1. What order, most packed first, do the peptides 165-176, 149-160 have when packing is the mean number of other Cβ atoms within 10 Å of each residue?
2. Please go through the residue pairs 55/596; 179/602; 176/602 and name each one whose alpha carbons sit more than 25 Å apart in this structure.
3. Could you give the length gained by full extension between residue 6 and residue 93, i.e. 0.36 nm per residue of separation minus their alpha carbon distance, to one decimal place?
4. How large are Rg and Dmax for the stretch 302-450 when only the alpha carbon atoms are used, in Å?
5. Beyond 20 Å, what share of the Cα-Cα pairs of the stretch 490-587 is found? Please give it as a whole percent.
6. Where the centroid of each part is defined by its Cα atoms, how far is the stretch 240-274 from the stretch 307-330 in Å?
7. Mind putting a number on the dipole of the stretch 468-538 about its Cα centre? Charges go on the C-beta only, +1 for Lys and Arg and -1 for Asp and Glu, and I need it in Debye to the nearest 20.
8. Whole Å is fine, so just give me how far the alpha carbon centre of the stretch 410-440 lies from that of the stretch 513-528.
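The values are calculated or read from the model by the stated rules, or taken from the named source; none is laboratory data. Being a predicted model, the structure only gives us computed values, none of them experimental. So basically every Cβ, Gly included, is an ideal-geometry build from the backbone, and we count neighbours across all protein chains shown. Each accessible area value is taken on the protein alone, full model and side chains, heavy atoms only, with ligands, DNA and RNA left out. Shrake-Rupley method; radii C 1.70, N 1.55, O 1.52, S 1.80 Å.
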Amino acid sequence: MGKVREDLSQIIFTPRQDNQNGHIYEFEIYTSAVEGDLTDTDIANEANGFTFAGKGEWGSGTDDCTATFASRDARYVAVKVFSVGGDGNTITCGEFNAKTEADVTVDVSALEGAIAIAQQAIADTTNEIAKEKIQAALDAVGDVNLYVQEGVQAAADALLETVETYATIGNVTTVKPGKVWVDNNGNAIQAHGGGILYDEKTKTYYWYGEHKGYENVPTGAETGNPGIGIGCYSSKDLLNWTYEGVALPVFNNPQLVDGTTTDDDVPMYVSEESDIYKNSPLPEFEGTASNYNGLMKSPYASLSALNSDEYIDELNALYENDNLTFEEKQQMYREFNWNRVVERPKVIYNDKTGKYVMWWHQDGPRMGLYSVASAGIAISDSPTGPFKYLCTRRVTMTGVLTTGNGDGMLRDMTLFKDDDGTAYVVYSSEENATTIIHKLNDEYTGLSGDLEDISQNTPANFTEGVDYVRVFAGQYREAPAMFKDGDTYYLITSGQSGWNPNPCQYSYVEGDIFGEWAPNKKFAVNDIPYGTQQETTFRSQSTFILPVRDADGNVIPGKFVYMGDRWFRENLQDSRYIWLPLNFNGETHEITMEWKDEWSFKDLIGDYEPEYELGDVNHDNSVDVLDVTAIQKYLVSVEDANFDVALADVNNDGAVNIKDATTIQLKLSK
């Protein structure tokens with residue numbers, strides 16, 4: 001600072017202002033009052049006179065960051081940085097300024113209070129996972145006297161958030177948008193870019209999404225998140241989620257590309273702990289951009305870490321009877337491995353085939369790059385998997401829908417199943433310039449038209465207005481999320497701004513999904529800025545719209561929840577979920593959404609009571625064989641109670657049985 005300054009008490013860091021670059025996160029500050037030239041010297045050298053002033057952590061954004069510490073005389077300030085970040089491979093830089101003020105001290109009472117609350121939470125909870133997580137956070141705090149003033153409050157807030165997150169494991173009662181959401185094992189839920197399936201058979205919600213459970217790694221051109229697969233969670237109340245595993249892991253057997261075999265019987269999956277994996281000559285990923293290439297083992301042993309040996313056997317069994325050649329298996333591996341982009345998975349149930357069908361956006365040619373722009377498809381007999389990989393392909397190879405290099409491109413996508421069982425894939429195409437809504441075939445494994453199997457490059461015969469419709473041409477919409485209320489279809493999409501948020505908008509069309517869609521409109525009320533973007537949909541990007549159901553599983557008309565992702569590009573595994581109720585007017589088709597720090601499904605549902613059709617005993621809004629079964633059980637219980645059953649003996653054969661229920665069914669059907 002040119003000379004010794006008396007009562008130095010604060011430094012101010014102004015990060016780069018372009019594209020949220022140049023962040024400093026964890027840091028330590030040292031000062032020295034030595035008069036000599038200490039430029040480029042070692043702060044650990046006692047002769048240089050550097051003493052510790054405090055530690056802390058600054059966040060992202062472009063606002064000034066401050067660090068306040070006890071007043072001291074100093075000529076030199078050294079900032080030791082432990083972690084940095086920015087939008088892409090950028091150098092962290094910014095401007096430092098200093099402030100002097102006498103008699104400044106650091107007040108640690110807030111952190112001491114948070115420690116007391118955490119200690120009490122450990123004493124009160126009986127959940128061992130909660131005890132372990134909170135204790136680990138306590139241990140990480142360390143000495144309260146080592147923090148700068150801003151670090152004291154940040155550490156206190158982080159500790160209290162940990163208590164709030166883990167003390168309620170298995171007993172979550174409200175949604176807290178943007179907060180860490182953990183599963184039954186106390187791990188952060190990994191279901192990014194996902195969607196929810198309500199399974200009528202089990203009366204259970206299943207949440208599928210991108211499993212990004214490991215740190216980003218450099219790829220040579222970008223920073224990417226290694227592919228793991230599609231995570232799956234189950235819940236009865238949409239609040240407390242049970243981890244069901246990786247419903248569709250990426251293929252990982254290095255034998256398929258390491259040149260050691262061409263055996264047709266080679267498995268698609270092997271444990272990373274196996275000799276097959278360990279002895280493969282395929283090189284390990286070293287975690288540096290200069291040594292990166294696509295044919296390396298994954299930097300993480302995710303398959304064995306996240307799945308049991310028995311589950312790996314189940315996965316391999318899916319392909320045993322397919323008579324696949326080595327070349328076919330090798331192609332599957334090249335299409336779907338850790339070095340690919342796997343995004344926005346959605347699952348719907350096919351009532352005709354009894355299969356759960358998954359689609360996702362597949363990209364590459366390596367993680368962090370987006371020139372492949374294809375659809376991935378898999379099927380399963382169970383909502384929790386394992387799902388069987390079918391293919392990844394562009395959705396048409398004919399040029400009918402698009403032209404040039406944009407032919408058949410599929411990036412951000414969703415699935416939508418209509419009331420009559422017809423299903424659609426909705427996706428960004430033509431370099432994201434156009435959104436396409438395309439009807440699926442009866443099996444949901446391909447497109448309607450002549451292209452019955454999307455994995456086969458055969459001529460298609462698509463008809464616009466019958467098989468598909470192109471909407472929002474030239475508007476560059478992403479992240480589609482479709483829902484329906486009455487006979488009106490709604491589609492929420494985001495703009496295009498990379499990983500950074502922007503204002504989502506909605507459109508609608510009455511009656512015909514292939515009709516003329518209304519102009520897009522924004523719907524976030526009192527939105528919040530991020531960086532230079534003033535409207536951000538509360539710093540989120542749409543992924544799914546969840547129809548709200550009552551306790552019996554009945555869809556409540558006009559009640560929907562927006563599901564969005566708050567992406568942290570530099571640490572994708574820590575990206576957060578933004579769930580907010582939509583304010584919905586079905587008559588005017590107006591939608592708005594307001595921020596809520598906390599809300600409950602109980603309050604959202606309120607005192608709703610469904611209007612049931614006469615004879616709809618099980619309240620599923622239809623009169624069918626399930627109602628007759630319920631009636632039969634009721635009649636039998638009446639008979640067992642020794643009531644007069646003369647009126648219940650519909651066919652007058654002297655007994656109350658299935659024949660009477662059938663007779664009732666026939667009458668109800670009329």
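1. Highest mean packing first, the order is 149-160, 165-176.
2. Values: 55/596 32 Å; 179/602 20 Å; 176/602 14 Å.
Cα-Cα > 25 Å for 55/596; rest within.
3. Length difference between fully extended and current span is 28.6 nm.
4. Computed over the Cα atoms of the stretch 302-450, radius of gyration and Dmax are 15.8, 46 Å.
5. Working: 2075 of 4753 pairs.
It works out to 44 percent of all Cα pairs.
6. Each part reduced to its Cα centre gives a spacing of 8 Å.
7. I would put it at about 200 debye.
8. About 17 Å separates the Cα centre of the stretch 410-440 from the one of the stretch 513-528.
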